[in-house]
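Structure first, then comments.
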């Protein structure tokens, strides 16, 4: 449980349950016990009443079904073509380093605006 207090008067509590398959009972300072469902977070804006629990939110789920496209007589194919980036880069590996944020379109120097960031 994490408790945040503002000016020693107003408090809010966050209770998390990291168990995958087990609900837990949590008793707070005032003696009230709260049930926290498995793998969820409860928010108590006054540290007394649960206003939100992530396990009780209803979300839409979709099931993907793989099936052939009607009327398609041949299977789809893909191909790969190497892209020569050497003329645009500063070393043999195609890397350059800056200690500042760069504007993406200007830095990429082409129509694709493709950049690969690594830290």
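Every condition in (1) modelled with pLDDT of 90 or more; (2) part of a loop (DSSP other than H, G, I, E, B); (3) within 30 Å of residue 8 (Cβ to Cβ) is met by residue 41 except one, and the failing one is (2).
Take the range 1-17 and flag every residue that is assigned to a loop (DSSP other than H, G, I, E, B) and surrounded by 11 or more Cβ atoms within 10 Å (Cβ to Cβ). Residue satisfying the conditions is 1 alone.
The values are calculated or read from the model by the stated rules, or taken from the named source; none is laboratory data. Because the structure is a prediction, the values reported are computed rather than measured. Because the Cβ atoms are built from the backbone with ideal geometry, glycine has one as well, and the counts that use them run over all protein chains shown.
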